Amino acid sequence: MSEVLRLENVTKRYGTLTALDNVNLSLESGRIVGLLGPNGSGKTTLIKILNGLLTPTSGTATICGMKPGVETKKLVAYLPDNVFLNSWMRVRQIVSYFTDFYEDFRPELAYAMLEKLGISPDRRLKTLSKGNKEKVCLILVMSRNARLYVLDEPIAGVDPAARDYVISTIINTYNPQATVLISTHLIADIEQVLDEAIFIHQGHILMQKTVDEIREENGKSVDELFREVFKW
């Protein structure tokens, strides 16, 4: 395995507020990792730094040895926690747009997943339900052959009946040489697919362990340990 992501002494401040405080983190390829923490813990700031949307106040972040920027956008497939597509476009137009924009985009995979979920490529995005819009966004992101997939709440708006399919989509379509970083509050739903879990709180990494280590050392599931650590 090779290192896909590294953060060294990363701090991010907004005025007097410190969102990330001297964070050190390393992730290797071929891993599905949960980024877990309560609201305001620093998850979104960390994700935006990885995508080049924010610059650290101090410290360095690298993706495959490069600082986030134009070149790393070719390596990172990012799913934000809100629908990011133009609502007037037909699904087919959006697939075509992604095909033109990303060299690593696999349109045949996108169409296969759309068919599996019963979403017509001829539908305009604005005519789809909120859940189906989010499924389209996930399909587009997972149809890239990226090195790092960053998924922010990928199943939050999806009905429980479709969550298993969404999770299996994540498992079965990502590049096996890549890393998948999933930020979510629905830990019990994704725990089955995680290799590692990162607990973050008030800008600090509290823990980074494999799921097996958590279960063996604590006698608890990741969800149970999370509820214990962040019990108010």
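The values are calculated or read from the model by the stated rules, or taken from the named source; none is laboratory data. Treat the numbers as computed from the prediction; the structure is a model and nothing was measured. Glycine also receives a Cβ, built like all others from the backbone with ideal geometry; neighbour counts cover every protein chain displayed.
Before we move on, is Asn132 closer than 22 Å to Arg92 by Cβ and modelled with pLDDT of 90 or more? Give the derivation first.
Details: closer than 22 Å to Arg92 by Cβ: yes; modelled with pLDDT of 90 or more: no.
When the stated conditions are applied, Asn132 does not pass them.
Got at least one residue in segment 66-86 being touching a Ser or Thr at 6+ places or on another chain (Cβ under 6 Å) and within 26 Å of Ala197 (Cα to Cα)?
yes
State the number of residues belonging to segment 140-165 that are among the hydrophobic types (A, V, I, L, M, F, W, C), within 26 Å of Asn39 (Cα to Cα) and touching a Leu at 6+ places or on another chain (Cβ under 7 Å).
Total meeting the criteria: 6.
Return the residue satisfying two criteria in turn: it lies in segment 114-127 and is farther than 17 Å from Ala161 by Cα and touching a residue at least 24 places away in the same chain (Cβ under 8 Å), and of such residues it is surrounded by the fewest Cβ atoms within 10 Å (Cβ to Cβ).
Here the residue is Asp122.
Say whether the condition of being in contact with a strand residue (DSSP E or B) (Cβ under 6 Å, 6 or more places away or on another chain), at negative phi and not basic (Lys, Arg) is met by at least one residue in segment 84-98. Show your work before the answer.
The initial filter retains those residues of segment 84-98 that are in contact with a strand residue (DSSP E or B) (Cβ under 6 Å, 6 or more places away or on another chain), namely 90, 98.
Checking the rest, the ones that are also at negative phi come to 90, 98.
Subsequent filtering for residues that are not basic (Lys, Arg) retains 98.
Scanning segment 84-98 turns up at least one residue that is in contact with a strand residue (DSSP E or B) (Cβ under 6 Å, 6 or more places away or on another chain), at negative phi and not basic (Lys, Arg).
Could you tell me which numbered condition Asn175 fails, if it satisfies all but one of (1) in contact (Cβ under 8 Å) with a residue 60 or more places away in the chain; (2) touching a Ser or Thr at 6+ places or on another chain (Cβ under 9 Å); (3) not hydrophobic (A, V, I, L, M, F, W, C)?
(1)
When you look at Ser87, is it free of Cβ contacts under 8 Å to residues at least 12 places away in the same chain, exposed (fewer than 15 other Cβ atoms within 10 Å of the Cβ) and among the small types (Gly, Ala, Ser), yes or no?
Numbers: free of Cβ contacts under 8 Å to residues at least 12 places away in the same chain: no; exposed (fewer than 15 other Cβ atoms within 10 Å of the Cβ): yes; among the small types (Gly, Ala, Ser): yes.
Criteria not met by Ser87.
Within segment 160-169, does at least one residue satisfy the condition of being surrounded by 15 or more Cβ atoms within 10 Å (Cβ to Cβ), among the basic types (Lys, Arg), within 24 Å of Ile198 (Cβ to Cβ) and within 18 Å of the chain's Cα centre (by Cα)?
Within segment 160-169, one or more residues are surrounded by 15 or more Cβ atoms within 10 Å (Cβ to Cβ), among the basic types (Lys, Arg), within 24 Å of Ile198 (Cβ to Cβ) and within 18 Å of the chain's Cα centre (by Cα).
Can you pull out every residue in segment 186-221 that is touching a residue at least 40 places away in the same chain (Cβ under 8 Å) and closer than 18 Å to Asp164 by Cβ?
Ile187, Ile190, Glu191, Val193, Leu194
Return the residue satisfying two criteria in turn: it lies in segment 5-18 and is in contact (Cβ under 8 Å) with a residue 40 or more places away in the chain and surrounded by fewer than 18 Cβ atoms within 10 Å (Cβ to Cβ), and of such residues it is nearest to Val193 (Cα to Cα).
Initially, segment 5-18 is screened for residues in contact (Cβ under 8 Å) with a residue 40 or more places away in the chain, giving 5-13, 18.
Keeping just the survivors that are surrounded by fewer than 18 Cβ atoms within 10 Å (Cβ to Cβ) gives 6, 8-9, 11, 13, 18.
Working: Arg6: 22, Glu8: 27, Asn9: 29, Thr11: 30, Arg13: 33, Thr18: 32 Å.
In this case the residue turns out to be Arg6.
Assuming Asp21 fulfils every condition listed in (1) surrounded by fewer than 15 Cβ atoms within 10 Å (Cβ to Cβ); (2) acidic (Asp, Glu); (3) outside any helix (DSSP H, G or I) apart from one, which condition is it?
(1)
For segment 24-93, give me every one of the strands (runs of 3 or more DSSP E) that falls completely inside it and has 3 or more residues that are hydrophobic (A, V, I, L, M, F, W, C). Outline the logic, then answer.
Numbers: elements: 31-36, 58-63, 76-79.
Result: 31-36, 76-79.
As an exercise: evaluate Val222 against (1) over 19 Å from Tyr78 (Cβ atoms); (2) touching a strand residue (DSSP E or B) at 6+ places or on another chain (Cβ under 8 Å); (3) exposed (fewer than 14 other Cβ atoms within 10 Å of the Cβ) and give the number of the one condition it does not meet.
Of the numbered conditions (1) over 19 Å from Tyr78 (Cβ atoms); (2) touching a strand residue (DSSP E or B) at 6+ places or on another chain (Cβ under 8 Å); (3) exposed (fewer than 14 other Cβ atoms within 10 Å of the Cβ), the odd one out for Val222 is (3).
For residues in segment 218-232 being not in a helix (DSSP H, G or I) and not hydrophobic (A, V, I, L, M, F, W, C), which is nearest to Val193 (Cα to Cα)?
Initial filter on segment 218-232 (not in a helix (DSSP H, G or I)): 219-221, 230-232.
Restricting the remaining residues to those that are not hydrophobic (A, V, I, L, M, F, W, C) gives 219-221, 231.
Values: Gly219: 18, Lys220: 16, Ser221: 13, Lys231: 24 Å.
The selected residue is Ser221.
In segment 100-127, which residues are among the hydrophobic types (A, V, I, L, M, F, W, C) and part of a loop (DSSP other than H, G, I, E, B)?
Taking segment 100-127 first, the residues among the hydrophobic types (A, V, I, L, M, F, W, C) are 101, 105, 109-110, 112-114, 117, 119, 125.
Result: Leu117, Ile119.
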